[in-house]
(Lines give C-alpha, C1' and ligand atoms only; values in the text may rest on other atoms or scores of the structure.)
Protein backbone atom coordinates (compact mmCIF):
# COMPACT_ATOMS: atom_id res chain seq x y z
CA UNK A 1 0.00 0.00 0.00
CA UNK A 2 2.81 2.40 0.88
CA UNK A 3 4.65 1.69 -2.39
CA UNK A 4 1.41 2.17 -4.33
CA UNK A 5 0.89 5.59 -2.78
CA UNK A 6 4.52 6.50 -3.39
CA UNK A 7 4.48 5.91 -7.12
CA UNK A 8 1.05 7.53 -7.51
CA UNK A 9 2.42 10.59 -5.73
CA UNK A 10 5.49 10.53 -7.97
CA UNK A 11 3.39 10.28 -11.12
CA UNK A 12 1.08 13.06 -9.97
CA UNK A 13 4.03 15.36 -9.31
CA UNK A 14 5.62 14.43 -12.63
CA UNK A 15 2.40 15.33 -14.39
CA UNK A 16 2.22 18.62 -12.51
CA UNK A 17 5.79 19.40 -13.56
CA UNK A 18 4.91 18.56 -17.17
CA UNK A 19 1.92 20.89 -17.03
CA UNK A 20 4.14 23.69 -15.75
CA UNK A 21 6.79 23.16 -18.40
CA UNK A 22 4.23 23.08 -21.23
CA UNK A 23 2.30 26.09 -19.93
CA UNK A 24 -0.96 24.21 -19.73
CA UNK A 25 -0.87 22.43 -23.09
CA UNK A 26 -2.10 19.14 -21.61
CA UNK A 27 -2.68 17.69 -25.09
CA UNK A 28 1.04 17.66 -25.92
CA UNK A 29 1.62 14.99 -23.25
CA UNK A 30 -0.21 12.30 -25.20
CA UNK A 31 -0.03 11.09 -28.77
CA UNK A 32 -3.03 10.57 -30.97
CA UNK A 33 -4.09 6.96 -31.33
CA UNK A 34 -2.21 5.83 -28.23
CA UNK A 35 -4.70 3.48 -26.57
CA UNK A 36 -2.88 1.26 -24.06
CA UNK A 37 -4.03 -2.36 -24.19
CA UNK A 38 -3.10 -5.60 -22.44
CA UNK A 39 -1.38 -8.07 -24.79
CA UNK A 40 -2.79 -11.09 -22.98
CA UNK A 41 -6.42 -10.03 -22.55
CA UNK A 42 -6.60 -7.51 -25.43
CA UNK A 43 -8.53 -5.22 -23.10
CA UNK A 44 -7.96 -1.48 -22.74
CA UNK A 45 -6.31 -0.13 -19.65
CA UNK A 46 -8.64 2.40 -18.05
CA UNK A 47 -8.68 5.38 -15.72
CA UNK A 48 -5.39 6.24 -14.00
CA UNK A 49 -3.66 3.26 -15.64
CA UNK A 50 -4.64 4.68 -19.04
CA UNK A 51 -2.95 7.97 -18.12
CA UNK A 52 0.19 6.40 -16.65
CA UNK A 53 0.78 3.93 -19.50
CA UNK A 54 0.04 6.56 -22.13
CA UNK A 55 2.53 8.85 -20.46
CA UNK A 56 5.15 6.08 -20.25
CA UNK A 57 4.67 5.23 -23.93
CA UNK A 58 5.32 8.86 -24.79
CA UNK A 59 8.29 9.31 -22.46
CA UNK A 60 10.06 6.08 -23.44
CA UNK A 61 9.13 6.47 -27.11
CA UNK A 62 7.73 2.96 -27.26
CA UNK A 63 6.54 1.89 -30.70
CA UNK A 64 3.17 0.66 -29.43
CA UNK A 65 1.17 1.12 -26.19
CA UNK A 66 0.96 -2.63 -25.55
CA UNK A 67 1.71 -3.90 -22.04
CA UNK A 68 1.43 -7.07 -19.97
CA UNK A 69 2.80 -8.47 -16.74
CA UNK A 70 5.83 -10.76 -16.68
CA UNK A 71 3.62 -13.83 -16.21
CA UNK A 72 1.23 -12.76 -18.95
CA UNK A 73 4.08 -12.35 -21.44
CA UNK A 74 5.39 -15.77 -20.38
CA UNK A 75 1.95 -17.27 -21.07
CA UNK A 76 2.33 -15.94 -24.61
CA UNK A 77 5.73 -17.67 -24.83
CA UNK A 78 7.44 -14.28 -24.82
CA UNK A 79 10.38 -13.37 -22.61
CA UNK A 80 10.83 -10.01 -20.91
CA UNK A 81 14.34 -8.78 -21.68
CA UNK A 82 16.78 -9.03 -18.79
CA UNK A 83 17.16 -5.78 -16.86
CA UNK A 84 13.89 -4.29 -18.16
CA UNK A 85 12.17 -1.89 -15.78
CA UNK A 86 8.45 -2.49 -15.34
CA UNK A 87 5.80 0.22 -15.27
CA UNK A 88 3.49 0.17 -12.22
CA UNK A 89 -0.28 -0.05 -12.60
CA UNK A 90 -2.86 0.02 -9.80
CA UNK A 91 -5.86 -2.11 -9.01
CA UNK A 92 -8.17 -2.84 -6.12
CA UNK A 93 -7.87 -6.27 -4.51
CA UNK A 94 -11.06 -7.46 -2.74
CA UNK A 95 -10.90 -8.32 0.97
CA UNK A 96 -12.97 -11.40 1.73
CA UNK A 97 -14.36 -12.68 5.02
CA UNK A 98 -16.76 -15.44 6.09
CA UNK A 99 -20.41 -14.59 5.68
CA UNK A 100 -22.34 -13.98 8.90
CA UNK A 101 -25.34 -15.68 7.37
CA UNK A 102 -23.49 -18.64 5.92
CA UNK A 103 -19.94 -19.03 7.38
CA UNK A 104 -19.09 -21.61 4.72
CA UNK A 105 -19.20 -18.83 2.13
CA UNK A 106 -17.09 -15.72 1.80
CA UNK A 107 -18.33 -12.22 1.07
CA UNK A 108 -16.45 -9.10 0.09
CA UNK A 109 -15.77 -6.90 3.11
CA UNK A 110 -13.94 -4.16 1.27
CA UNK A 111 -10.94 -3.69 -0.98
CA UNK A 112 -7.34 -2.56 -0.78
CA UNK A 113 -5.36 -0.49 -3.26
CA UNK A 114 -2.54 -2.56 -4.71
CA UNK A 115 -0.20 -2.47 -7.64
CA UNK A 116 1.58 -4.63 -10.17
CA UNK A 117 4.16 -3.99 -12.89
CA UNK A 118 3.76 -4.39 -16.62
CA UNK A 119 6.24 -4.39 -19.47
CA UNK A 120 5.93 -2.83 -22.90
CA UNK A 121 6.12 -4.94 -26.02
CA UNK A 122 9.42 -3.22 -26.90
CA UNK A 123 10.90 -4.73 -23.72
CA UNK A 124 10.01 -8.27 -24.75
CA UNK A 125 11.63 -10.94 -26.94
CA UNK A 126 8.89 -12.32 -29.19
CA UNK A 127 11.12 -14.63 -31.25
CA UNK A 128 9.56 -17.78 -29.75
CA UNK A 129 6.06 -16.34 -29.47
CA UNK A 130 3.17 -16.53 -31.89
CA UNK A 131 1.81 -13.27 -30.53
CA UNK A 132 1.46 -10.52 -33.09
CA UNK A 133 -0.05 -7.17 -32.20
CA UNK A 134 -2.95 -5.90 -34.23
CA UNK A 135 -1.75 -3.40 -36.82
CA UNK A 136 -3.66 -0.19 -37.19
CA UNK A 137 -5.59 -0.20 -40.45
CA UNK A 138 -7.09 2.86 -41.93
CA UNK A 139 -10.80 2.28 -42.22
CA UNK A 140 -14.03 3.80 -41.03
CA UNK A 141 -13.35 7.06 -39.25
CA UNK A 142 -15.67 8.93 -36.91
CA UNK A 143 -16.97 11.84 -38.88
CA UNK A 144 -18.09 15.15 -37.48
CA UNK A 145 -21.66 14.09 -38.20
CA UNK A 146 -21.20 11.05 -36.00
CA UNK A 147 -19.98 13.21 -33.14
CA UNK A 148 -22.95 15.52 -33.60
CA UNK A 149 -25.31 12.55 -33.58
CA UNK A 150 -23.65 11.19 -30.45
CA UNK A 151 -23.99 14.51 -28.62
CA UNK A 152 -27.61 14.78 -29.72
CA UNK A 153 -28.28 11.29 -28.35
CA UNK A 154 -27.10 12.39 -24.88
CA UNK A 155 -30.20 14.65 -24.80
CA UNK A 156 -28.20 17.42 -23.14
CA UNK A 157 -29.46 20.74 -24.50
CA UNK A 158 -26.83 22.57 -26.56
CA UNK A 159 -27.24 26.30 -27.24
CA UNK A 160 -25.06 28.45 -29.47
CA UNK A 161 -24.56 32.15 -28.98
CA UNK A 162 -22.29 34.90 -30.25
CA UNK A 163 -19.59 36.09 -27.87
CA UNK A 164 -20.98 34.55 -24.64
CA UNK A 165 -18.31 31.90 -24.18
CA UNK A 166 -18.57 28.17 -23.53
CA UNK A 167 -19.99 26.85 -20.29
CA UNK A 168 -22.36 24.39 -18.66
CA UNK A 169 -25.15 25.83 -16.50
CA UNK A 170 -26.29 23.21 -13.94
CA UNK A 171 -29.34 25.16 -12.74
CA UNK A 172 -30.88 25.02 -16.22
CA UNK A 173 -29.04 21.92 -17.42
CA UNK A 174 -27.76 23.23 -20.73
CA UNK A 175 -24.44 23.78 -22.47
CA UNK A 176 -23.70 27.07 -24.16
CA UNK A 177 -21.20 27.02 -27.00
CA UNK A 178 -19.68 29.77 -29.07
CA UNK A 179 -20.50 29.62 -32.76
CA UNK A 180 -18.24 27.25 -34.66
CA UNK A 181 -17.10 30.12 -36.82
CA UNK A 182 -15.63 31.79 -33.72
CA UNK A 183 -13.07 29.03 -33.18
CA UNK A 184 -9.67 29.62 -34.70
CA UNK A 185 -7.01 27.37 -36.15
CA UNK A 186 -3.89 27.25 -33.99
CA UNK A 187 -0.54 25.51 -34.22
CA UNK A 188 -1.89 22.86 -31.83
CA UNK A 189 -4.98 21.96 -33.84
CA UNK A 190 -7.62 23.23 -36.22
CA UNK A 191 -10.78 25.11 -35.33
CA UNK A 192 -13.01 22.05 -35.70
CA UNK A 193 -11.05 20.01 -33.15
CA UNK A 194 -10.92 22.98 -30.79
CA UNK A 195 -14.71 23.21 -30.98
CA UNK A 196 -15.39 19.54 -30.31
CA UNK A 197 -12.82 19.12 -27.55
CA UNK A 198 -14.37 22.14 -25.83
CA UNK A 199 -17.84 20.63 -26.27
CA UNK A 200 -16.58 17.37 -24.75
CA UNK A 201 -15.26 19.34 -21.77
CA UNK A 202 -18.68 20.87 -21.15
CA UNK A 203 -20.40 17.54 -21.79
CA UNK A 204 -18.28 16.02 -19.02
CA UNK A 205 -19.44 18.79 -16.69
CA UNK A 206 -23.05 17.95 -17.54
CA UNK A 207 -22.72 14.40 -16.21
CA UNK A 208 -22.47 15.86 -12.71
CA UNK A 209 -26.12 16.94 -12.82
CA UNK A 210 -28.45 15.40 -10.23
CA UNK A 211 -30.40 13.55 -12.93
CA UNK A 212 -27.22 11.87 -14.19
CA UNK A 213 -24.23 10.99 -11.98
CA UNK A 214 -25.09 13.55 -9.28
CA UNK A 215 -21.42 14.45 -8.75
CA UNK A 216 -21.08 16.39 -5.50
CA UNK A 217 -18.38 18.99 -4.66
CA UNK A 218 -15.26 17.07 -3.72
CA UNK A 219 -14.03 19.28 -0.90
CA UNK A 220 -16.42 20.59 1.74
CA UNK A 221 -15.83 24.23 2.71
CA UNK A 222 -13.13 24.58 0.02
CA UNK A 223 -15.03 25.86 -3.03
CA UNK A 224 -11.92 26.91 -4.95
CA UNK A 225 -10.37 23.48 -4.59
CA UNK A 226 -13.64 21.79 -5.56
CA UNK A 227 -13.88 24.03 -8.61
CA UNK A 228 -10.33 23.17 -9.70
CA UNK A 229 -11.10 19.48 -9.17
CA UNK A 230 -14.22 19.64 -11.32
CA UNK A 231 -12.28 21.43 -14.07
CA UNK A 232 -9.66 18.69 -14.02
CA UNK A 233 -12.42 16.07 -14.24
CA UNK A 234 -13.79 17.87 -17.31
CA UNK A 235 -10.38 18.19 -18.97
CA UNK A 236 -9.57 14.51 -18.51
CA UNK A 237 -13.08 13.62 -19.65
CA UNK A 238 -12.50 15.66 -22.79
CA UNK A 239 -9.30 13.72 -23.45
CA UNK A 240 -11.14 10.41 -23.03
CA UNK A 241 -14.00 11.52 -25.29
CA UNK A 242 -11.47 12.67 -27.88
CA UNK A 243 -9.89 9.23 -28.04
CA UNK A 244 -13.31 7.61 -28.35
CA UNK A 245 -13.87 9.66 -31.50
CA UNK A 246 -10.28 9.73 -32.73
CA UNK A 247 -9.65 13.44 -32.37
CA UNK A 248 -6.70 15.03 -30.62
CA UNK A 249 -7.54 16.79 -27.37
CA UNK A 250 -6.84 20.52 -27.28
CA UNK A 251 -7.09 22.98 -24.42
CA UNK A 252 -8.97 26.26 -24.47
CA UNK A 253 -6.78 29.30 -23.98
CA UNK A 254 -8.88 30.53 -21.05
CA UNK A 255 -8.23 27.30 -19.12
CA UNK A 256 -4.73 28.55 -18.39
CA UNK A 257 -6.15 30.48 -15.42
CA UNK A 258 -7.12 27.21 -13.74
CA UNK A 259 -3.69 25.68 -14.16
CA UNK A 260 -2.06 27.00 -10.99
CA UNK A 261 -4.69 25.39 -8.76
CA UNK A 262 -4.35 22.09 -10.62
CA UNK A 263 -0.60 22.08 -10.21
CA UNK A 264 -0.75 22.98 -6.54
CA UNK A 265 -3.20 20.19 -5.78
CA UNK A 266 -1.44 17.64 -7.98
CA UNK A 267 1.79 18.31 -6.12
CA UNK A 268 0.18 18.04 -2.70
CA UNK A 269 -2.15 15.06 -3.09
CA UNK A 270 -2.03 12.27 -5.68
CA UNK A 271 -5.70 11.44 -4.99
CA UNK A 272 -6.59 14.74 -6.65
CA UNK A 273 -5.47 13.15 -9.93
CA UNK A 274 -6.63 9.58 -9.36
CA UNK A 275 -10.03 10.74 -8.12
CA UNK A 276 -10.52 13.16 -11.01
CA UNK A 277 -9.51 10.47 -13.50
CA UNK A 278 -11.99 8.00 -12.01
CA UNK A 279 -14.78 10.58 -12.16
CA UNK A 280 -13.87 11.45 -15.76
CA UNK A 281 -13.99 7.78 -16.72
CA UNK A 282 -17.44 7.46 -15.14
CA UNK A 283 -18.60 10.54 -17.03
CA UNK A 284 -17.45 9.17 -20.38
CA UNK A 285 -18.86 5.71 -19.66
CA UNK A 286 -22.22 7.27 -18.73
CA UNK A 287 -22.74 8.58 -22.27
CA UNK A 288 -20.57 6.26 -24.38
CA UNK A 289 -22.12 3.05 -23.01
CA UNK A 290 -25.47 4.10 -24.43
CA UNK A 291 -24.28 5.24 -27.85
Looking only at region 113-134, and only at residues there that are closer than 18 Å to residue 58 by Cα and surrounded by fewer than 16 Cβ atoms within 10 Å (Cβ to Cβ), the one that is modelled with the highest pLDDT: 122
If residue 243 passes every condition in (1) in a helix (DSSP H, G or I); (2) modelled with pLDDT of 85 or more; (3) buried (at least 22 other Cβ atoms within 10 Å of the Cβ) but one, which one does it miss? (3)
Restricting attention to region 187-218, report how many residues are within 26 Å of residue 278 (Cβ to Cβ), without any contact (Cβ under 8 Å) to a residue 12 or more places away in the chain and not in a loop (DSSP other than H, G, I, E, B). 0
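Condition check ((1) closer than 23 Å to residue 216 by Cα; (2) in contact (Cβ under 8 Å) with a residue 24 or more places away in the chain; (3) part of a loop (DSSP other than H, G, I, E, B)) across all residues:
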{"site": "149", "(1), (2), (3)": "no, no, no"}
{"site": "159", "(1), (2), (3)": "no, no, no"}
{"site": "177", "(1), (2), (3)": "no, yes, no"}
{"site": "181", "(1), (2), (3)": "no, no, no"}
{"site": "185", "(1), (2), (3)": "no, no, yes"}
In region 219-234, the residues that are under 20 Å from residue 165 (Cβ atoms) and either in contact with a helix residue (DSSP H, G or I) (Cβ under 6 Å, 6 or more places away or on another chain) or not in a helix (DSSP H, G or I) (or both): 228, 231, 232, 233, 234
Which ones in region 57-81 are assigned to a helix (DSSP H, G or I) and buried (at least 19 other Cβ atoms within 10 Å of the Cβ)? 57, 73
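How many residues does region 96-105 hold that are surrounded by 11 or more Cβ atoms within 10 Å (Cβ to Cβ) and either out of contact with any strand residue (DSSP E or B) (no Cβ under 7 Å at 6 or more places or on another chain) or touching a residue at least 12 places away in the same chain (Cβ under 8 Å) (or both)? Walk me through it before giving the result.
At the first step, the residues of region 96-105 found to be surrounded by 11 or more Cβ atoms within 10 Å (Cβ to Cβ) are 96-99.
Still in the running and either out of contact with any strand residue (DSSP E or B) (no Cβ under 7 Å at 6 or more places or on another chain) or touching a residue at least 12 places away in the same chain (Cβ under 8 Å) (or both): 96-97.
Going through region 96-105 one residue at a time, the tally reaches 2.
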Which residues, counting only those in region 42-56, are outside any helix (DSSP H, G or I) and crowded, with 19+ Cβ neighbours inside 10 Å? 45
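The values are calculated or read from the model by the stated rules, or taken from the named source; none is laboratory data. All values reported here derive from a predicted model rather than from experimental measurement. Methodologically, a virtual Cβ is constructed for each residue, glycine included, from the backbone with ideal geometry; neighbour enumeration extends over all protein chains shown.
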